[in-house]
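Working notes, beginning with the structure itself.
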Amino acid sequence: MQKLLLVLISVFLFTQSAIADVLTYKKQKATYTLVAEKPVNFEITLKSPRENCELFASVYDENNQRLLRASHKMKKAKDVFNLPVKTGTYYLEIGGNGQQCYNKSFEVNITKISGNFEKEQNNITSQATLLKESEYTSGYLQNSPEKGMDADFYKIELAESGILKLVLKYENLGETHKFKMWLLDKDSNKITLIESPLNKDGATQHIGLYSGDYFVKIDRHSSHNKVVGVEYKLAYVLNKGSFIELENNAKPVNATSIVSGKYINGYFQRNDYKDKDYYKYEAKGGKYKLVFEHDTYDFDTIGSIEISIFDANQKRIESFRADSKKLKEEFSFDLKSGTHFICFEPKNRTNGEAYKFGLMTTEEQITNAPGF
């Protein structure tokens, strides 16, 4: 039975009393110390009367690295910013855009929220926030960190091989700006990239993976500023099992080994190129049949699927074209004894489409035929 993804409800630890403050010629910046006794999310609220002033809020860690930079225009009564952090001491600094902000009162309210959050800084793989299976972790892309754009890295530790279901969720804001979700191997090589716009409520991707460590990177296009500050939730489930495609198998050297008489489940990954899936088979000489099944694909998007058979020297010996509008097709051919490779290559870019196929001799019947 497939495991359910659980949304963990945040628990308020405590709310600090609101601090009334004002900038003056002698005090052009206000600084506050924030202490996290354990990993928490700092929810920072700036309130003000409707004045002609823009406040700038920055949060720094103990190494003087800026984690957050945000602005609050007083013509708007309130702005809320979120910064999940590790245990430690942090410094909130608030300044304004010159003399027009002097002697105009504002209020700072800082709330600590416990729960499953990312932990800044997590801008590189060595600082990645560990994900727990079947639990959502919340995060926020911050504006203007110290160097470049903010990126949130998460680590996934798989004790067994299986099909990873990766889920990204957020509120549908009706905007076209996009989150980018990368799945990377332990050496930071890309396995797949998913772009998900704010006029949807998220994205789901299935990927067959070997056991081992992987990283998820959440970021955005440089001009997609409407993604900044939007809460997102990230989770995964691993469906353990055999007879699955194992990424990254875009080249024969990394081909997934298969046996005859069994259905293999695979997925065409979202990528900036056409995904190729290679499989390796040790054949006995004779007549074979390949059965290829899938849901109906959008032909204008994926086009047809080229199925090629190669010998051990990667010389093409057979080629077939599967129609994306046909749910099931069969192809017959002869194989000599020895190593062979089967490649599935869509004509166009793909979007995570599922498929399954089985290879059999004339004496075999395919078993273990799960649905999509």
Identify the residue in segment 174-190 that is acidic (Asp, Glu) and either touching a Cys at 6+ places or on another chain (Cβ under 9 Å) or in contact (Cβ under 8 Å) with a residue 40 or more places away in the chain (or both) and, among all such residues, is surrounded by the most Cβ atoms within 10 Å (Cβ to Cβ).
Asp185
Being surrounded by fewer than 21 Cβ atoms within 10 Å (Cβ to Cβ) and not in a strand (DSSP E or B) is the filter; apply it to segment 291-303 and report the residue that is modelled with the highest pLDDT.
Asp295
Have a look at Tyr278, Tyr236, Tyr232, Tyr288 and point out the one that is in contact with a helix residue (DSSP H, G or I) (Cβ under 6 Å, 6 or more places away or on another chain) and modelled with pLDDT of 95 or more.
Tyr278
Taking segment 51-71 and the residues there that are more than 20 Å from Met149 (Cα to Cα) and surrounded by 13 or more Cβ atoms within 10 Å (Cβ to Cβ), the one that is farthest from the chain's Cα centre (by Cα) would be Glu51
The listed residue being closer than 20 Å to Arg349 by Cβ, surrounded by 13 or more Cβ atoms within 10 Å (Cβ to Cβ) and not basic (Lys, Arg), out of Leu193, Leu234
Leu193
Within segment 209-263, count every residue that is farther than 30 Å from Ser308 by Cβ, assigned to a loop (DSSP other than H, G, I, E, B) and not aliphatic (A, V, I, L, M).
6
Every residue in segment 105-125 that is surrounded by 17 or more Cβ atoms within 10 Å (Cβ to Cβ), of a type outside the set (Phe, Trp, Tyr) and either free of Cβ contacts under 8 Å to residues at least 12 places away in the same chain or closer than 18 Å to Met74 by Cβ (or both), please.
Val108
Could you identify the single residue in Glu133, Glu175 that is part of a loop (DSSP other than H, G, I, E, B), assigned by TED's automatic domain parsing to the domain that holds Lys226, among the acidic types (Asp, Glu) and within 24 Å of Gln269 (Cβ to Cβ)?
Glu133
Residues Glu107, Glu43, Glu51, Glu62: which one is acidic (Asp, Glu), farther than 16 Å from Gln142 by Cα and assigned to a strand (DSSP E or B)?
Glu107
Yes/no for Lys186 being outside the structural domain of Gln269 (by TED's automatic domain parsing) and within 11 Å of the chain's Cα centre (by Cα)
no
Considering only segment 129-166, state which residues are surrounded by fewer than 21 Cβ atoms within 10 Å (Cβ to Cβ), closer than 29 Å to Asn64 by Cα and of a type in the set (Gly, Ala, Ser).
Ser144, Gly148, Ala151
Single condition Glu195 does not satisfy, out of (1) in contact with an Asp or Glu (Cβ under 6 Å, 6 or more places away or on another chain); (2) at pLDDT below 95; (3) closer than 21 Å to Tyr140 by Cα
(1)
In the list Ala255, Ala354, Ala322, which residue meets the criterion of being closer than 30 Å to Asp185 by Cβ, at pLDDT 95 or above and either touching a strand residue (DSSP E or B) at 6+ places or on another chain (Cβ under 7 Å) or of a type in the set (Phe, Trp, Tyr) (or both)?
Ala255
Those residues of segment 26-50 which are more than 21 Å from Val230 (Cα to Cα) and either surrounded by 15 or more Cβ atoms within 10 Å (Cβ to Cβ) or hydroxyl-bearing (Ser, Thr, Tyr) (or both), in sequence order:
Ala30, Thr31, Tyr32, Thr33, Leu34, Ala36, Ser48
In segment 312-331, residue nearest to Glu282 (Cα to Cα) [restricted to those that are of a type in the set (Gly, Ala, Ser) and in contact with a Phe, Trp or Tyr (Cβ under 7 Å, 6 or more places away or on another chain)]
Ala322
Could you list, in sequence order, the residues of segment 322-346 that are closer than 20 Å to Asn249 by Cα and among the charged types (D, E, K, R)?
Glu345
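The values are calculated or read from the model by the stated rules, or taken from the named source; none is laboratory data. Quick caveat, the model's predicted, so the values are computed rather than measured. We place every Cβ from the backbone using ideal geometry, glycine too, and count neighbours over all the protein chains shown.
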